[in-house]
Amino acid sequence: MTEKPEKRALVVRQPDGAVTLGGQGRRLISRMSEDMLIALASTRRDLAPVMRRLGDYELHEEDYQQLHIWARDFTEDGHSITALELADELAAEARERNLSWIELGRIRVVCFAFFEIGQLDLSNLPKLTKLWCSAS
């Protein structure tokens, strides 16, 4: 009669409930843990927002791009302005109303009191809560 080989667990449970790893099990669990930590770090990096600097302002990528879109649109309409100049104008208009135009890198308040606007793209501003257009 042939004896069955003894079953060996990768994770050995002691009689008191403690868990120990032995030999191959230790290497396997260690490698699995390393792989998991690498995957978690990668996921965390992917979820972190991309922030861009524009002068003194730190903006989410979408909001940064929106300022450049507006600056380009205003320049095409005959009002030459850079994204930084536009950001400074928006900040000044918000200060006059005792508001903060950027919160946590997102444009929240916009007041265009300095240009006439026919059409305005707001597609990149998910956190925009107030918009004024008061040019004469």
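Taking a Cβ cut-off of under 11 Å around Gly118, the surrounding Lys, Arg, Asp and Glu residues balance to a net charge of -3, with basic ones at +1 and acidic ones at -1. Given region 51-133, report the % of alpha carbon pairs whose separation exceeds 21 Å. For region 51-133, the share of Cα pairs beyond 21 Å comes to 18 percent. A cut-off under 12 angstrom between Cβ atoms defines the neighbours of Tyr64, and their net charge, with Lys, Arg +1 and Asp, Glu -1, is -1.
A simple spin-label model places the labels of Glu61 and Asp88 2.8 nm from each other, with each point 7 Å out along Cα-to-Cβ.
No lab work stands behind these numbers, since they all come straight from the coordinates. What you see is a predicted model; the values in this text were computed from it and never measured. All Cβ positions, even for glycine, are placed from backbone atoms using ideal geometry, and neighbour counts span all protein chains on display.
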